[in-house]
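Only the coordinates and a few stated rules stand behind these numbers; no lab work does. Computed from a predicted model, the values in this text were never measured in an experiment. Reconstructed Cβ throughout: ideal geometry from the backbone, glycine too, with neighbour counts over all protein chains shown.
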Amino acid sequence: MILEGKKAIWNDYQKEIADDKLYYVRSCVRQNFFPGAETTFLRIMREVLGKDVFEHPCHTSCSGIGYHSDLLPLETTMTVVARQFSLMNESGYKNLVPSCITSFGLYTEIMDTWHHFPETLEKTRKQLKEATGRTFEIPENVSHASDVFYKFRKEIAAKSQFKLINKHTGKPLKVVEHIGCHYAKMFPSKGVGGAEYPHVLVGMVEDWGGEIVDYPERRHCCGFGFRQYLVSANRGYSVTSSRKKFESMQPYQPDMIITNCPGCPMFLDKWQYTLSEMEGKVYGKDGRGIPVFTFEEVAGLMLGFDPWDIGLQVHQVGCEAILDKIGIPYDPAKKYDGPDGKKLSKPMAATFNL
Amino acid sequence: MDNLFEKLSKDVRMQEGLHACMNCGVCTAICPAAEIYNYDPRIICDTIQSRDNDEIEALLKSETIWYCGECMSCKTRCPRGNTVGLIIIALRSLSQELGYFAESEKGRQQLFLKRVIGHWMLEKGYCLYLEGIGTDLYPEQGPVWDWIQENYRDVFARLGANYQGDGTGILRKIPDEAMAEIQSIFKTTGAIDRFEQIEKVSTEKAKQMNLKLDDTMANEYIGHIYTQTEKNHNAL
């Protein structure tokens, strides 16, 4: 390919990412399953990078899981989203940063629908006013939290104490990157790098010393599928999708998986436990699982945060082997402590020590 | 009888999702659901393009429309810019409006989803609620999740959360005035009407099926729709 042509294509998949004065909206899934990741995101943004990130106490779920479970009419979800924007407006912010990929996709879809069907925007304005008395303006910039770390990946690297490098061999760790489907599959131009070659996690991994694993099912869904996981009778859909990915990545012997969606790391972590119990199969090295991380957790590790402060103890697949490989110190005795060193019970052992 | 194609066409998801489909089948090739279920998204487009009212009615009453996981992988691949995932959202919406969803066992699952996801969003402001997602309903969450649930106040406090607290933070209590706004939005925009429709049609179906259904989560009908698949839904 002619270099100019390649650059022109790449330019289509660059996006403007706001770098300060950010309005943060939390994720239902990430708050429940990876609370330490959101804490770590805000700690890095405020304390390490010195940015203004605001959170409004009255914001709620975007309603995306309800929408994609087909429970909520489009008008309801549009109006809930409009209320989020109204809260942002009254706080004096213009740059929206969702923690969740489902939310990011939903905000993007709704703004696109309002653009192409202006009558839906007018209806939303009317319904929000009628329901709450509120008015709203559309954000100037919508960037997922992983976009923001992509933008600051070199600054994070410069302040890091560790790299994604095997301290015993000096070689880069082999990293699988998994992008949430709703990041760029619906609107490729809204994601860094588009849908086929999203660069948002690749950029972080490479600048933090790691090496990306390319494998056949790299773009396959983790299998959440909303109703396909939430209802027990449908759950075979979910585990089968994750299994397809594990089978595809295993020959490449990845050291770890990094994700930008809150749901994907939960499924890729928990389905490894389920598959080990169901089939007696594990996908990592030395009879262990493949550790799965959120991008916030990986950034926190690179910066030298205590692994238990960022929440790695909530993962089913253990992280100790990769911490040892990188050379990150940790105190095993404190893994399951509560606040202020309070001693708690420990999890029951699974059949396989992943 | 309603012209179902015309009804569907009023939905902006249909207008965005279906232009002229040439039936190339790329959506089916990429679709995770097509690999698992007896599901072919290409045929969804074909059926709707036929504008055959009886065929569309059968589709709205079918298991087929409930197989999609709304991952939207089809959007990326379609050479004509169609999105079967969006068409599916429009079909499921109309199926619930017309009460057809209870004609399929996958469609009947909407009552369970309404009573968890819908209830949590309306009452708590979150689509997921920590105390409702235990390993009794989600056993694959495993022993670490059991440990978190047993120690949730301490574990969440350790990780900087503000569980059910005032102000900002992870899993904070959404203030009453904010919840009042959400509830007003649900009423004004049709979500409450849809919830009532799901309850009403499900109650009639439970009677037909001779299964007990009450306001709790512990009854025969809820247990049945949450766990049972009597038909073979698997890919051929």
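Over chain A, Cα pairs under 8 Å with separation of 6+ residues give a relative contact order of 18 percent. The HN-Hα couplings worked out from phi for the stretch B:6-14 by the Karplus form 6.51 cos²θ - 1.76 cosθ + 1.60 (θ = phi - 60°) are 5, 4, 4, 5, 6, 7, 5, 5, 5 Hz, whole numbers, x standing for Gly and Pro. Each residue in A:W114, B:W66 was given a count of other beta-carbon atoms within 10 angstrom of its own, and listing them fewest first yields A:W114, B:W66. The angle between the Cα long axis of helix A:263-279 and the longest principal axis of the Cα atoms of chain A comes to about 40 degrees, rounded to the nearest 10.
Volume per residue of the convex hull around the Cα atoms, evaluated for the stretch B:4-98, comes out as 82 Å³. Here B:L137, A:L354 are placed in order of increasing Cβ neighbour count within 10 Å, fewest first, which gives B:L137, A:L354. For the stretch B:191-236 and the stretch A:278-354, what is the separation of their Cα centres, given in Å? Each part's Cα centre sits 40 Å from the other's.
Once both labels are positioned 7 Å from their Cα atoms along Cα-to-Cβ, the gap between B:R153 and A:E122 label points is 5.3 nm. Neighbour counts of other Cβ atoms within 10 Å put A:S146, B:S104, A:S189 in the fewest-to-most order A:S189, B:S104, A:S146.
Kindly point out which whole DSSP H helices in chain B project their C-alpha atoms 15 angstrom or further along the helix axis while averaging a Kyte-Doolittle hydropathy of -0.5 or above.
B:84-97, B:176-189
Bridges between two residues of chain A, per DSSP, are antiparallel at a rate of about 10%. So how tilted is helix A:74-91 from the main axis of chain A? Cα-based, degrees 0 to 90, rounded to 10. That helix lies at roughly 90 degrees to the long axis.
Looking at the protein assembly as shown, the DSSP beta bridges with both ends there are about 15 percent antiparallel.
Computed from the Cβ-Cβ distance with R0 of 41 Å, the FRET efficiency linking A:E155 to A:M278 stands at 0.40.
May I ask you to derive the FRET efficiency for A:F54 and A:E137 from their Cβ-Cβ distance with R0 = 22 Å, giving the value to the nearest 0.05?
So the FRET efficiency works out to roughly 0.85.
Cross-link partners of B:K61 among lysines, defined as those whose alpha carbon lies under 24 angstrom from its own and excluding same-chain residues fewer than eight positions apart: B:K7, B:K10, B:K106, B:K114, B:K200, B:K205, B:K207, B:K212, B:K231.
Axis of helix A:101-116 versus longest Cα principal axis of chain A: the two differ by about 30°, to the nearest ten degrees. Over the protein assembly as shown, the hull volume per residue, using the convex hull of the C-alpha atoms, is 156 Å³.
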